[in-house]
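**Q** Structure provided below as structure tokens; questions to follow.
The values are calculated or read from the model by the stated rules, or taken from the named source; none is laboratory data. On a predicted model such as this, the values are computed, not experimentally measured, just so you know. Backbone-built Cβ (ideal geometry, glycine too); neighbour counts: all protein chains shown. Remember, those area values only see protein heavy atoms, side chains included, never the ligands or the DNA or RNA. Shrake-Rupley method; radii C 1.70, N 1.55, O 1.52, S 1.80 Å.
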Amino acid sequence: MRFLCCFFLILSVSLLSIPADAQPDSGRFFLMGSGVLQLKNLRNNREAGVRLLNPDGSFNEADFKTVDWIFGFPTEEKGEHISPRLLFMLSYFADRLAPGKTINIESAYRSPEYNEKIRAGGNNAARTSTHIDGLALDFWLEGVDGKKLWETIRAHNCGGIGHYGGNIVHFDAGRPRFWEAATSGTRRLEPDYNRNLYLSSEFDRYMPGEDIRLALSNLSNFQFGVRPQVEVFRSGEKRHVIASLPLNHGDDATCLPIGMRKASRFLTATLPADLPPGRYQLKLVFCEKPFLQMPDEAYSNPIEMSR
């Protein structure tokens, strides 16, 4: 608990704030639409139009909170927003397939308890669903065939995209993958053992010397630890370590405990000030694993360094 207290004090700063010398938020992701979204949640009847970017290119904090409200996401409890990467990718595809049309949401954020209730009812819901971490939505666009929407997103290999028939698709900012009803595997009964965990960065693009936040998703168990360093590799070249970065955790433990979901979402480090431009991945090593089947390590999505 001593570690967790220090940990969350360090992370009390707004998650969407960035250094003054960093590039505008408008360049943070590889796939970014206009950030203008008309959202309607058909489950709670909440609806609003939002602009995720201010005129100067910075994130519009007020409208991110509006998105959280529409998704039913408990912002204060979680200490973060619905995934900005998810929202900007959603904007990217909506701008191209149905510009100006309403994004109709069938399922947004799910609490772990609600997700289990859905599974118990025999519905398509994974035990470690990305909906639980605010990374996913099930939606449809007026006038757009669901199979076409699925195929369009699938072609970009940018996240999880599932189609169960009809016009509704599942879309998430997790590991790139795709499925249809017959291949979803959502009703598997065997234990997960954290085998499907995914490590991702908050943004896609960073500046040298900037803090980077890493988060774990798709976890089935939180009684494990992480080593207090992350290693940096050139993307696709995992044998050669470019740098080893200490986690900003405020503790000198050799195995940092991850005892709750929130702790798994806030692993921060400072990128080297002399890191050359290019694409990189970061590796996190696990310790005190509760299951032999749990991976020993996880590699992040590619990030891009620029100046």
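**Q** Quick one: in segment 207-251, of everything that is in contact with a Gly (Cβ under 9 Å, 6 or more places away or on another chain) and of a type in the set (S, T, Y), which residue is least open to solvent (accessible area, probe 1.4 Å)?
**A** Ranking the candidates gives S217 first.
**Q** Being at pLDDT 95 or above and more than 21 Å from the chain's Cα centre (by Cα) narrows it down to one residue among N41, N45; which is it? Give the steps one after another, and end with the answer.
**A** Values: N41 fails: more than 21 Å from the chain's Cα centre (by Cα).
Matching residue, one of N41, N45: N45.
**Q** Please find, within segment 91-115, the residue that is most open to solvent (accessible area, probe 1.4 Å) out of those that are of a type in the set (S, T, Y) and modelled with pLDDT under 95.
**A** It comes out as Y114.
**Q** Could you identify the single residue in F88, F73, F29 that is in a helix (DSSP H, G or I), at pLDDT 95 or above, of a type in the set (F, W, Y) and surrounded by 17 or more Cβ atoms within 10 Å (Cβ to Cβ)? Talk me through it step by step, then tell me what you get.
**A** Details: F73 fails: in a helix (DSSP H, G or I); F29 fails: in a helix (DSSP H, G or I).
After ruling out the rest, the residue left standing is F88.
**Q** Name the single residue, out of those in segment 221-255 being at pLDDT 95 or above and among the charged types (D, E, K, R), that is farthest from Q293 (Cα to Cα).
**A** R234
**Q** Could you list, in sequence order, the residues of segment 146-190 that are open to solvent by 60 Å² or more (accessible area, probe 1.4 Å), touching a helix residue (DSSP H, G or I) at 6+ places or on another chain (Cβ under 9 Å), farther than 22 Å from S300 by Cα and at pLDDT 95 or above?
**A** Correct list: K148, N167, I168.
**Q** A further question follows. For a quick check of your reading: which strands (runs of 3 or more DSSP E) sit entirely within segment 202-307 and have at least 3 residues that are closer than 29 Å to F88 by Cα, aliphatic (A, V, I, L, M) and touching a strand residue (DSSP E or B) at 6+ places or on another chain (Cβ under 7 Å)?
**A** 211-217
**Q** Kindly indicate whether I82 is without any contact (Cβ under 8 Å) to a residue 12 or more places away in the chain, open to solvent by less than 40 Å² (accessible area, probe 1.4 Å) and either of a type outside the set (S, T, N, Q) or in contact with a strand residue (DSSP E or B) (Cβ under 7 Å, 6 or more places away or on another chain) (or both).
**A** No, not satisfied.
**Q** Does segment 252-262 include one or more residues that are at positive phi, open to solvent by 30 Å² or more (accessible area, probe 1.4 Å) and under 23 Å from the mean Cα position of the chain (by Cα)? Give the derivation first.
**A** At the first step, the residues of segment 252-262 found to be at positive phi are none.
So far as segment 252-262 goes, no, none of its residues is at positive phi, open to solvent by 30 Å² or more (accessible area, probe 1.4 Å) and under 23 Å from the mean Cα position of the chain (by Cα).
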